[in-house]
Amino acid sequence: MKTLNVNSLWPRSHTALAFSAVLLLQLGLTACTPGNADESSETEGMTGQIQYHDQSYYHLAKSEPVILQQGYHVERRFSGSVQVKQNAAIGFEQSGKVASLYFDEGDQVQQGDLLAAQDTELLQMEREELKAQFSEIEAELNLTRNNLKRLTQLKQSGFTSTQSIDELEARQKVLLASRLRVKAALDANQIRIEKANLYAPFSARISQRFQDSGAVVNAGVPVFQLLQSGNSEVKIGVPVRLLDTILQQQAGGPKLGKETGKKDGLVLEIDGLTYPTTLLAAGAEVHPVTRTVALRFSLPESTRLVNGQMAYLTVAEHHQAQGFWLPLTALTDGVRGMWNLYTLQPETESSVDGLKLYTLQSRNITVLHATQEMAYVSGALADGERVLTAGLQRLVPGQKVRLQAQALTSDKTDPTKPLKMISAEQHMAEVKS
């Protein structure tokens, strides 16, 4: 039986090709793997100070030390309105037809200016009638006096009776009373004529005109709305418990916000502008609906504001409680409604190429107050202790990190140059390159 030779069936040329393919595949895999030559050259370029692939293992941590505070201030914002000192709706004191209007809405008037007038034709006719009655009574009174004088002379001669004299004396008294009555009617008529004119009770600006010429109005119906000229006031309602706080802030109490060392007085905000103010007076009763006390605040002279504009007062209410101000980015969710933060505990022995390492520790804290960017917290923290202020979602308790300002590098083109400080972004960009 003849034995089959496998080598005879495979041509020598095919064997050479297969060997060449295996060699090329091995060389390609070697080229794709980072070589020791690159690592050694990079390490030599760093002169033994730092290795990028080792240092990048420790995350950069952004932190800041906390400062113990004895309390915090909460900003309470209350709204009110700008109000003129006098705001009156004025009209005629008697019924009648409006004859003339001398001013319109928006006009500035001075105290004593004639604003409007009623038709006084009927009053003038009544006055003429009263004058005639007065003249008639005066004539009868003069006649009675003359008759009484003559009868008195005749009585001395015995030519007249006592009864006639008594009748003339009584008639004289009646005429004197009638004259007083007509005189009073004339005075009343004159007052009604004068009151047919409407005068400005104070210097003001006309905000509204309610009637037109020719309209018949009743007594007391408003014709003009007057807003007194001059400095306005602001009325704002605040809770009773904040009255002492407002007085302290007016005297130079603590400024709003995180800084408690500076002083600031009361300030009103109107249409985005701030105005220094002073508390003029506080109300004597609590509003039955809002449960607040009305406060009157002054405004600077020559302040051009419109009656009814919204005004806001911000009051710093102080709360006595030890704690720390932290950015909101330093907080993370905890269990059962608690909040956590990470503190940086320095490692006494661990370091990488002279860079100090820190270990993260989780602490439970309580949020006492929060603003849009900051939170006032209390908990197991010490004054001056470092806390992680950003990037909590990328780190876990127990992890070792290094401070952001400790990222070091050297000039790769000149290994003899000393190390220099760089930012974390520059360092990560160099590591990736």
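Derivation of every value follows stated rules applied to the coordinates shown; laboratory data play no part. This is a predicted model, so every value here is computed, not measured. Methodologically, a virtual Cβ is constructed for each residue, glycine included, from the backbone with ideal geometry; neighbour enumeration extends over all protein chains shown.
Listed by Cβ neighbour count within 10 Å, with the fewest neighbours leading, Phe297, Phe134 appear as Phe134, Phe297.
Counted by Cβ distance under 13 Å from Lys235, the other residues give a net charge of +1, where Lys and Arg count +1 and Asp and Glu count -1.
Working from Cα pairs under 8 Å separated by at least six residues, relative contact order for segment 92-227 is 49 percent. A simple spin-label model places the labels of Met310 and Lys400 5.7 nm from each other, with each point 7 Å out along Cα-to-Cβ. Pairs of Lys residues in segment 92-227, spaced 8 or more positions apart or belonging to different chains, with C-alpha separations under 24 angstrom: 8 in total. A straight chain from Lys131 to Asp244 at 0.36 nm per residue would run longer than the Cα-Cα distance by 34.0 nm.
Can you give the net charge of the other residues whose Cβ lies under 13 Å from the Cβ of Arg171, counting K and R as +1 and D and E as -1? The answer is -1.
Taking the fewest neighbouring Cβ atoms within 10 Å as the starting point, the ordered list for Glu140, Glu285 is Glu285, Glu140.
Among Arg127, Arg336, the ranking by other beta carbons within 10 Å of each residue's beta carbon, starting with the fewest, stands as Arg336, Arg127.
The length gained on full extension between His319 and Arg76, counted as 0.36 nm times the residue separation minus their Cα-Cα distance, comes to 86.2 nm. Length gained on full extension, Ala390 to Asp119: 89.5 nm, using 0.36 nm per residue less the C-alpha separation.
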